[in-house]
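Here it is, the structure, as structure tokens.
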Amino acid sequence: MSSKDKLIEFMKHQITIEKEIVSSLNIGLADVHNPPVKGVLKGISLDSVKHAELYSAAITLLTNPSKALTQENLDEQRELVEKHIKMESELIQKLEKMLPSIENNKVRFLLDSILTDERRHHAMLKIVLDIIVKGETMTEDDWWELLWKNVPFHGAPGG
């Protein structure tokens, strides 16, 4: 079995485990009445849903050829990602400003956890914008370059 096949099998197994975590937590949450504990456990459950999706996306990257995005797709995705980068940035600034004044250690812990997530989201969105969206986009200029790059004389007389 190749290393790629082993990786794919590993990720498929992890998807199964993440789904088991979600199921177990969702069943257990019905009996939890402490709001902070319930919030943390629900957050872990949602992270496990996200992890399963990310494993699935990674498998797709390894097994399917990537499709180039059109300029229209790029514009829509860039707009969406930029909007959320701005929203995350504003939320990070608000939390950073508020956290030093919070005296309750438990509340500070919960808000600090949110801040940590928001910083990670912000960084991930920047990567999506800079690498994934741009890296898989085929603009009109790219198509023209592809069409004409290896054509002798570029359609002029003499070739």
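Counting only Cα, what are the radius of gyration and maximum Cα-Cα distance Dmax of the stretch 23-89, in Å?
17.7, 49
Another one. Pairs of Cα atoms under 8 Å, at least six residues apart: use those to get the relative contact order of the stretch 1-61, whole percent.
49
Continuing with the same structure: Distance cut-off 20 Å, Cα to Cα: go down the list Lys12/Lys50; Lys12/Lys67; Lys50/Lys126; Lys126/Lys149 and report the pairs above it.
Lys12/Lys67; Lys126/Lys149
Taking K and R as +1 and D and E as -1, what net charge do the other residues with C-beta under 12 Å from the C-beta of Lys12 add up to?
On the way: positive: Lys6, Lys19; negative: Asp5, Glu9, Glu18.
Local net charge: -1.
Separate question: With the alpha-carbon atoms as the only input, what is the per residue convex hull volume for the chain in Å³?
162
If you average the sequence gap of Cα pairs under 8 Å that are 6 or more apart and divide by the length of the chain, what percent do you get for the contact order?
So the answer I get is 25 percent.
Sticking with this one: For the chain, what is the mean residue ellipticity at 222 nm derived from helices alone (per DSSP H run of n ≥ 4: -39500 (n - 2.57); sum divided by total residues; nearest 500 deg cm²/dmol)? The partial results should precede the final answer.
Details: 5 runs with 116 residues, N = 159.
Value at 222 nm, helices only, nearest 500: -25500 deg cm²/dmol.
Another question about this same structure. Within 10 Å of each residue's Cβ, count the other Cβ atoms and sort Ser56, Ser23 from fewest upward.
With the sparsest Cβ surroundings first, the list reads Ser23, Ser56.
Can you list the residues, at least 5 places off or on another chain, whose amide H is less than 5 Å from the amide H of Leu69, using H built in the peptide plane?
Thr137, Met138
Report the net charge of residues surrounding Val49, where surrounding means a beta-carbon distance below 9 angstrom and charges are Lys +1, Arg +1, Asp -1, Glu -1.
Combined, the nearby Lys, Arg, Asp and Glu give -1.
Further, regarding this structure: List the trypsin sites (Lys or Arg not before Pro) in the stretch 64-124 that DSSP assigns to loop (not H, G, I, E or B) and whose Cβ has at most 10 other Cβ atoms within 10 Å. Which are they?
Within the stretch 64-124, the qualifying trypsin sites (Lys or Arg not before Pro) (loop, at most 10 other Cβ atoms within 10 Å) are Lys67.
Another one. Using Cβ counts within 10 Å as a stand-in for footprinting exposure, how do Ile15, Ile27, Ile127 rank, fewest first?
Fewest to most other Cβ atoms nearby, the residues stand as Ile27, Ile127, Ile15.
Going by how many other Cβ atoms sit within 10 Å of their own, how do Thr60, Thr70 line up, fewest first?
Ordered from fewest to most neighbouring Cβ atoms within 10 Å, Thr60, Thr70 come out as Thr60, Thr70.
Starting from the eigenvalues of the Cα gyration tensor, five times each then square-rooted, give me the equivalent ellipsoid semi-axes of the stretch 68-140, largest first, whole Å. Please report the intermediate quantities before stating the final value.
Details: eigenvalues 236, 20, 9 Å².
In descending order, the three semi-axes are 34, 10, 7 Å.
Let me ask something else about it. Note down the relative contact order for the stretch 68-140 as a percent, whole number, built from C-alpha pairs under 8 angstrom at least six residues apart.
Contact order relative to length: 62 percent.
Where a number appears in this text, it was derived from the coordinates with a stated rule and is not lab data. A quick note: this is a predicted structure, and the numbers were derived from the prediction, not measured. Note: ideal-geometry Cβ built from the backbone for every residue, glycine included; neighbour counts use all protein chains shown.
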